[in-house]
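Since the structure comes first, as structure tokens, the remarks are kept for the end.
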Amino acid sequence: MPSYAYFEKKFVPLEEAKIGIMTNSFHYGTAIFEGIRGNWNAEQKQTYIFRLREHYERLQDGCRVLKIALPNAIDELCRLTVELVAKCGFQEDAYVRPVAYKSSQALGVRLHNLEDGFFVLVIPWGPYLDVDKARCCVSSWHRPQDNVIPPQIKAAGIYINNALAKTEAQSNGFDEAIMLSPDGHVSEGSGENLFLVINGQLVTPASYNNILIGITRNTVIELAEKELGLKTVYRSISRSELYTADECFLTGTAAHVTPVAEIDHRKIGDGEIGEITAKLQEIYARVIRGNHPKYLDWCTPVYKR
Ligand code: PMP
């Protein structure tokens, strides 16, 4: 199946969507991106895009910070994204990547007086952390402070931080990195938020711990409360609490809910998938594929029936 992109206001085959080597955002990371999933439901022969609007709202927030003007209102961006995914026609899980960027063919480190561009591309994409349970390490790379590069927006340039951490982790034989905040508290994975289960309660780093406010994080918090009656505590978490927690898992659009079995060569709990983690994994998997009637509002069907 060929992939398509929405590029320069047209739907084009992915390989025809090209940008020039002078493009400002290529040099300075001046772009905001999103990662959205289209989840294939084989029984219904339907792809459901998960929390599409929330992803574009976060993109818009990032664009405000980087002074990027989006070409259309969010409703229209959602509409054309659905059209694009339908055009690709994949019968498998898809990943949707909108990018709003400084498209000027001009060098110069600034945000003002530069043209803005926007594209969306879609590719088939299965599991991201392709393991039943992840082995993690605490990274020597910390998340940046908001007054260095804001970690609450998905700015392209900031992902050098994430890439350094991920490569360090994988080079050392781990699946994923857990990064600390500048003040040494637990922040997040290189592409996921982090949750602990401590004495039957969910605990996750707060917004002031230099995290991206994940849409999967918000989803899991709501599902935990509504489906399992579990409240989430938002607070600073110290590194050693990672080692003593009963359960740990990572959440992200790409990674879904991924259990963590081990951190820094210490088993979490008994090193198996925790009870609450397993329940949340199961509920989340049903919700994102449109198999949970209560949460269908979060799922945008792509194909008309
Ligand atoms: N933190 C970082 C650094 C990420 O890149 C991601 C992936 N977007 C997340 C957390 C999880 O966010 P979401 O659940 O919205 O995908």
Practice problem: Identify all residues within segment 152-165 that are assigned to a helix (DSSP H, G or I), near the ligand (Cβ under 10 Å from one of its atoms) and touching a strand residue (DSSP E or B) at 6+ places or on another chain (Cβ under 7 Å); write none if there are none. | Solution: ALA165
Quiz prompt | Filter pass, LEU52 being crowded, with 17+ Cβ neighbours inside 10 Å, outside the structural domain of ILE160 (by TED's automatic domain parsing) and modelled with pLDDT of 95 or more | solution = yes
Quiz item: Based on what the data block shows, is GLY117 on the phi > 0 side of the Ramachandran plot and away from the ligand (no atom under 16 Å from the Cβ)?
Solution: no
Quiz item: Among (1) within 20 Å of ILE158 (Cβ to Cβ); (2) hydroxyl-bearing (Ser, Thr, Tyr); (3) away from the ligand (no atom under 16 Å from the Cβ), which single condition is TYR4 missing?
Solution: (1)
Quiz item: Restricting attention to segment 200-237, and to residues there that are away from the ligand (no atom under 16 Å from the Cβ) and over 22 Å from GLU272 (Cα atoms), which single residue is surrounded by the fewest Cβ atoms within 10 Å (Cβ to Cβ)?
Solution: GLY229
Quiz item: Where in segment 201-305 are the strands (runs of 3 or more DSSP E), entirely inside, with at least 2 residues that are in the same structural domain as GLY173 (by TED's automatic domain parsing), within 30 Å of GLY89 (Cα to Cα) and in contact (Cβ under 8 Å) with a residue 24 or more places away in the chain?
Solution: 247-252, 256-263
Quiz item: Among ILE74, ILE49, ILE19, which is farther than 20 Å from ASP297 by Cβ and of a type in the set (Val, Ile, Thr)?
Solution: ILE19
Quiz prompt | Matching entry among SER240, SER187 (being within 16 Å of the ligand (Cβ to nearest atom) and either among the hydroxyl-bearing types (Ser, Thr, Tyr) or within 18 Å of ILE276 (Cβ to Cβ) (or both)) | solution = SER187
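The values are calculated or read from the model by the stated rules, or taken from the named source; none is laboratory data. It should be emphasised that the depicted structure is a prediction, and the values quoted were computed from it without experimental measurement. Cβ: placed from backbone, ideal geometry, glycine included. Neighbour counts: every protein chain shown.
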